[in-house]
Every structure is written in C-alpha cells, then in structure tokens.
Amino acid sequence: MALIGVWFILAPLAVGFSNQLDAVWSSIIFGGIQVIVSLWGYDKPGWNSWKNWVSVITGVWFVIFPFLYSLTNGEIWSSVTLGIVTIIFSLLNLGSNSNYKTLD
C-alpha cells in the first residue's frame, strides 16, 4: 500500500500531468498520506484502526480525483485502478483478524 502512495507522489512526472498544479499537489499530498498511514498502521488490522480508514479514504480520493481535474484516459485508468486496489487492500486489512500467532 505504501508503494501505491509512492506511485501517486511520482505520478505527475511519470504519467504526465505535471502541468496541472492543483492535480500535482493533490496527488503528492494524498500519496504522502497513503505512505504514512500504510507504514504506520501496517501491523494494526481491524475495524477500530483509524489508519486503515484513512487509507480507505485516500483510495476513494484516488478514484475520484482524476475526474475532478479533467485528466486524460491513461491518467484516469492508472488512478482509478490503483485507487480500487487501495480500497480493497484497506478493507481486507480492516476485516483481518488481529490475533496473530508467532512461532517461538
């Protein structure tokens, strides 16, 4: 999930919408938030983890933001696909069991 956040930080240059300043900053800010909450909450599964909920919200933002900034087809599909992956992984993490057994 953190790698998806890194992608959104780099996406304006990699995908080619660096000329749209609002879209660039939105991608960088929400990508940074995604990196932070995924690394901070990676070992805290369950419905009570606010970090996982923030990750769901960033995933939803990744899905809708290319339409708000009128990005092109390639940029839309990249963002929507990775946004859906973020949402799915976040929801899976929210629903996972927090009772892990360790091997001693």
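Here are the numbers:
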{"quantity": "Residue satisfying all of: in the stretch 72-101; of a type outside the set (S, T, N, Q) and open to solvent by less than 40 Å² (accessible area, probe 1.4 Å); modelled with the lowest pLDDT among these", "calculated": "Leu94"}
{"quantity": "Of residues in the stretch 3-60 being among the hydroxyl-bearing types (Ser, Thr, Tyr), buried (at least 17 other Cβ atoms within 10 Å of the Cβ) and under 18 Å from Phe89 (Cβ atoms), the one modelled with the highest pLDDT", "calculated": "Thr58"}
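Here's the yes/no breakdown for (1) in contact (Cβ under 8 Å) with a residue 24 or more places away in the chain; (2) under 14 Å from Ile87 (Cα atoms); (3) out of contact with any Phe, Trp or Tyr (no Cβ under 9 Å at 6 or more places or on another chain):
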{"position": "Met1", "(1), (2), (3)": "yes, yes, no"}
{"position": "Ile4", "(1), (2), (3)": "yes, yes, no"}
{"position": "Phe8", "(1), (2), (3)": "yes, no, no"}
{"position": "Leu13", "(1), (2), (3)": "no, no, yes"}
{"position": "Leu21", "(1), (2), (3)": "no, no, yes"}
{"position": "Asn52", "(1), (2), (3)": "yes, yes, yes"}
{"position": "Thr58", "(1), (2), (3)": "yes, yes, no"}
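The values are calculated or read from the model by the stated rules, or taken from the named source; none is laboratory data. These numbers come from a predicted model, not from an experiment. As a convention, Cβ positions derive from the backbone with ideal geometry for all residues, glycine included, and neighbour counts pool all protein chains shown. Surface areas here come from the heavy atoms of the whole protein model, side chains and all, with no ligands, DNA or RNA. Shrake-Rupley method; radii C 1.70, N 1.55, O 1.52, S 1.80 Å.
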